[in-house]
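No lab work stands behind these numbers, since they all come straight from the coordinates. Bear in mind that the values here come from a model prediction, so they are computed numbers and not experimental data. Heads up, the Cβs are rebuilt from the backbone with ideal geometry, glycines too, and the neighbour counts pull from every protein chain shown.
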Amino acid sequence: MIFISEEALHTSVKMTAATLQTSVLQAHMVWQLKAKGQAVGDMPGFLDDSVNFNANGYPIESQDKKSPGHSVVTNPNTNMCGRLWNGLLGYNQTLDYSGAGNKLADGSHQFYYSTASGVFKVVSAVNGLCTYALMADQQILIEYNTLTGKVLMK
């Protein structure tokens, strides 16, 4: 038996994944118009001009409230995945302190914005794959593949 609250939770996660996918596709279109097939750091004319793109044309990092990021164009680490989530989603679904990444003494993240009551958390960053978990049910994941631009809910 499925409860309405479970259905609502899954729908919310699907909407978040769809919003992330839309942002990635918009970013890729801007890259196609402006970057001419090159990796680019701090792409002018997209969001706040801080989004970094790999040579495939997909976003790999952004600045956020906590960190300016940097103009690297390599596979992202967990801190970069956190900043990218915040940058592409505009903090619409906050990240939780318990996520992966460098921490400060108070438990917050040193290199990306997060809260003590975030909705998602950064789980991992491996070979260009950023994985985020829903705090309410950490078996529900959103994966963003920075090499292909695909966003999947698992």
- [ ] Output the residues belonging to region 55-99 that are at positive phi and either in contact with a Ser or Thr (Cβ under 7 Å, 6 or more places away or on another chain) or free of Cβ contacts under 8 Å to residues at least 12 places away in the same chain (or both).
- [x] Gly69, Gly90
Open item on the list: I want to confirm something. Restricting to region 72-93 and keeping residues that are of a type in the set (Val, Ile, Thr) and more than 11 Å from Tyr112 (Cβ to Cβ), which single residue is surrounded by the fewest Cβ atoms within 10 Å (Cβ to Cβ)?
Closed with: Thr74
Open item on the list: Go through region 16-46 and report how many residues are without any contact (Cβ under 8 Å) to a residue 60 or more places away in the chain and either over 23 Å from Met153 (Cβ atoms) or of a type in the set (Ser, Thr, Tyr) (or both).
Closed with: 18
Task: Test: residue in region 113-129 that is closer than 22 Å to Leu25 by Cβ and free of Cβ contacts under 8 Å to residues at least 40 places away in the same chain - done: yes
Open item on the list: Could you tell me how many of the residues in region 107-132 are surrounded by 17 or more Cβ atoms within 10 Å (Cβ to Cβ), over 13 Å from the mean Cα position of the chain (by Cα) and in a strand (DSSP E or B)?
Closed with: 1
